[in-house]
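Engineer: First the structure, which I've put down as structure tokens, then a few questions once you've had a look.
Just so it is clear, none of the values below were taken in a lab; they were calculated from the coordinates. These numbers were taken from a predicted model, which means no experiment stands behind them. A quick note on method: Cβ atoms are made from the backbone with ideal geometry, for glycine too, and the neighbour counts reach across all protein chains shown.
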Amino acid sequence: MDISIGSVFTALLVVLVSALVIRALVLLVWRPYSITKWFRGQGVGGPGYKFFVGSMPEMKQMKDAGSKTVLDASSHEFISIVQPQFQKWVAEYGKTFLYWFGTVPTICVADIDLVKQVLAERTGLFPKNYMNANLEALLGKGLVLTNGDDWKRHRKVVHPAFNLEKLKGMSVVMADLAQQMMQQWQSQIEKGSNHEAEIEMSSEFGELTSDVIAHTAFGSSFMEGKEVFAAQKELQEITFSTSLNIPAPGHLRDLKLPTRSSQHVKKLEDKVRNMLMRIIEGRLAEKDAKGYGSDLLGLMLEARAQEQDGHQMLSTQEIVDECKTFFFAGQDTTSHLLTWTMFLLSRYPEWQEKLREEVIRECGNAVPNPDMVSKLKLVNMVLLESLRLYSPVVSIKRCAGSDIKLGNISVPKGTMLSIPIALLHRDKEVWGQDADQFKPERFEHGVSKAAGNHPNAMLAFSQGPRACIGQNFAMLEARIGLAMILQRFTFTLSPKYVHSPKEAITLMPRLGLPMILRNVH
């Protein structure tokens, strides 16, 4: 009897191991082979699949080599640093090619017409699907990462926080906080021996935009939210440093093994959640007859108290997730927009002077408001050109939610789609032979006409239904901040500046942006 049971157990074990081996061979060998053959039959090539690791070793090697590159400050051709794999493979295989993120097939979509098809789609054929679990810890399941009905529900709640009247109210806070920052700069200049001060602008803009989002969206302050911003900055670095880790194949991706790194991420995530819960609980305690307030947090708490189809419009956890999203996305991208615009204006002093003349003409010495900055056409052109050349987000991903047709290519369900924004913003077939050059005048007649026959070529805020909901907020903050700086200061690059743009989720100067500031008068 014992022998019989043992034999059965052994047989079952052999069957189980055999099934696992077969499953592994399908995932690691047969599926990559058949998908590669499928795409090659349609004329789509690529760097080829290597067992388990896919194209990752080659990508890491190119990125490591690129990270050691230092450019001349007059050059804007940083693709060899940030996206060397796309630069190399587009040259070899064309704008649409297959590469492998471990065992995950990924199509590079660097053809602007195909990009438009993906981003303009409204029925959910191309959902967000990020394989890096740390990104969810950083952003939460807010507007950026949700899909389908959840995304529609979140957007319905959040959208009213960014209407025109709300933005006008926010602009007062933006200007007040910018003024405080510039008073500190003024003090440093007065103390300087040559009536000038060297200031590291990227960290200054980071604090300013953090303070603005804390005040305008959450009724908090930078000091109250400082722990959140510090923890999110660390999560940002971890998320990017693990972005080229080989993902586990298939359903194994759902397993969260308790590694030292994952435990540290969990600790940071808990820290962010606890701080956000304190802000939320403070607002709940302050509720009066008028409700929870009219800012973003107030609107979300009102939604928490309402029901849709028998369920809360937003749960407390979903509010925490949206807070994560806006604490990070609401400050990080605007901070880098201001940083890179200041860099460009220091490299092109003639444009700096043109903008200063426009600001003085339209605003005088008054604190700029939305009506004033709406007239700053040259300022807007420069900000758009800055977004084109130094887009804070250099790539975005989508997933084929079902078997779909992308242009003339049949793409199987589960294939990732990677859209290299930085590379597309330099496509000479789209933007012209001067695509690598700083030419704000290309935006003289608006965004839709800047790239000739390609009205959807500007991707800094994405396009279509999933375009950034905060883009008007970001542009208003950037216009007001830049106008106030131009009213008060002239600026040049410090000799200490090192021109080596770095991607860490968003595009930033690797060693900051030290600048020399002087008073205008």
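Engineer: Report the Cα centroid-to-centroid distance between region 307-381 and region 398-444 in angstrom, as an integer.
Structural biologist: Each part's Cα centre sits 25 Å from the other's.
Engineer: Taking amide H positions as placed in the peptide plane 1.01 Å from N, state which residues far from Ile404 in sequence (5 or more) or on other chains have amide H under 5 Å from it.
Structural biologist: Amide H neighbours of Ile404, under 5 Å, 5+ apart: Val411, Lys413.
Engineer: Continuing with the same structure: Under 5 Å between amide H atoms, partner at least 5 residues away or on a different chain: which partners does Lys287 have, H built in plane at 1.01 Å?
Structural biologist: none
Engineer: Go through 189-199, 402-412 and give me the packing order, highest mean Cβ count within 10 Å leading.
Structural biologist: 402-412, 189-199
Engineer: Would you pull out the residues with amide H under 5 Å of Glu200's amide H, same chain only if 5 or more places away, H placed 1.01 Å from N?
Structural biologist: Met515
Engineer: While we're on this one: How long are the semi-axes of the equivalent ellipsoid of the chain, defined as square roots of 5 times the Cα gyration tensor eigenvalues? Whole Å, largest first.
Structural biologist: Each semi-axis is the square root of five times an eigenvalue, giving 42, 30, 22 Å.
Engineer: Students often check this: by mean Cβ neighbours within 10 Å, which of 60-70, 381-391 ranks highest, and how do the rest follow?
Structural biologist: Result, highest mean first: 381-391, 60-70.
Engineer: In whole Hz and in residue order, list the ³J(HN,Hα) couplings for region 486-501 that follow from phi through the Karplus curve 6.51 cos²θ - 1.76 cosθ + 1.60, θ = phi - 60°; x for Gly and Pro.
Structural biologist: Going residue by residue, I get 5, 5, 10, 10, 9, 8, 9, 5, 6, x, 7, 5, 10, 8, 8, x Hz, with x marking Gly and Pro.
Engineer: Could you please state, rounded to a whole Å, how far the C-alpha centre of region 179-199 is from the C-alpha centre of region 270-289?
Structural biologist: Cα centres, region 179-199 to region 270-289: 36 Å.
Engineer: Would you kindly calculate the translational diffusion coefficient of region 113-181, applying Stokes-Einstein with the Kirkwood radius from alpha carbon pairs, for 25 °C and a viscosity of 0.890 mPa s, and quote it in µm² s⁻¹ without decimals?
Structural biologist: Here the translational diffusion coefficient equals 163 µm²/s.
Engineer: Could you run the Karplus curve 6.51 cos²θ - 1.76 cosθ + 1.60 with θ = phi - 60° over region 361-370 and give me ³J(HN,Hα) per residue in whole Hz, x for Gly and Pro?
Structural biologist: For region 361-370, the Karplus curve yields 5, 8, 10, x, 9, 6, 5, x, 10, x Hz.
Engineer: Strictly over 23 Å apart at the Cα level, which of Lys116/Lys413; Lys141/Lys267; Lys156/Lys375; Lys156/Lys502; Lys88/Lys397; Lys88/Lys496 would you flag in this model?
Structural biologist: Going by Cα-Cα distance, Lys156/Lys375; Lys156/Lys502; Lys88/Lys496 fall outside the 23 Å limit.
Engineer: Select from Asn408, Trp431, Phe443 the residue farthest towards the positive end of the dipole of region 392-446; place +1 on Cβ of Lys and Arg, -1 on Cβ of Asp and Glu, and compute about the Cα centre.
Structural biologist: Asn408
Engineer: Of the beta bridges DSSP finds with both residues in the chain, what % are antiparallel, to the nearest 5?
Structural biologist: Beta bridges within the chain, antiparallel portion: roughly 90 percent.
Engineer: What's the percent breakdown of Cα-Cα distances in region 159-199 across 10 Å bins, shortest bin first?
Structural biologist: That works out to 27, 30, 21, 16, 6, in percent per bin.
Engineer: Let me ask another. Restrict the search to region 284-350; then list the GluC sites (Glu not before Pro) that DSSP places in a loop and that have at most 16 other Cβ atoms within 10 Å of their Cβ.
Structural biologist: Listed in order of number, the matching sites are Glu286.
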